[in-house]
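Before any comments, here is the structure.
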Amino acid sequence: MALEMKVPSPGESITEVEIAQWLVEDGDYVEKDQAIAEVDSDKATLELPAEASGIVTLKAEEGDVVEVGQVVCLIDTDAEKPGGGSDDKPA
């Protein structure tokens, strides 16, 4: 299943933010609560934490101005963590 990560509201009256920097690359495996991006609003720079563990697919570029609530990436929560899990099946 793919989880849609949307831009959370950084505060009242803020309707858009800029993707300042992706801290992960397209196709990376991320852990829940790992910081995956920095976003700039008029008032502050905020880190965007992953809402789940899985493989990330970026839907916005650095420098893009995105609206609050817009999908900026997908996380494939069915993806296996690379580098070995609890089972020893070959990949």
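Coordinate-derived values only; no laboratory data. Just so we're clear, the structure is a prediction, and the values are computed from it rather than from any experiment. Quick reminder, even Gly has a Cβ in these numbers, built from the backbone with ideal geometry, and neighbours come from all protein chains shown.
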Phi angles of region 19-34, converted by Karplus (6.51 cos²θ - 1.76 cosθ + 1.60, θ = phi - 60°) into ³J(HN,Hα) in whole Hz with x for Gly and Pro, give 6, 6, 7, 7, 9, 10, 10, 4, x, 6, 8, 10, 9, 3, 6, 5
Simple spin-label estimate for LYS43/GLU67, 7 Å along Cα→Cβ, in nm, reads 2.1
Between the residues LEU3, LEU23, LEU48, the Cα farthest towards the positive end of the dipole of the chain, that dipole coming from +1 and -1 charges on the beta-carbon of Lys, Arg, Asp and Glu, is from LEU3
Region 31-50 scanned against label point 7 Å out from SER9 along Cα→C-beta; backbone N under 19 Å for 39-49
At q = 0.16, 0.30, 0.31 1/Å the base-10 log of I(q)/I(0) from the Debye formula over the alpha-carbon atoms of region 10-65 is -0.48, -1.21, -1.25
Here the gain from full extension of ALA52 to MET1, 0.36 nm per residue of separation minus their alpha-carbon distance, amounts to 17.3 nm
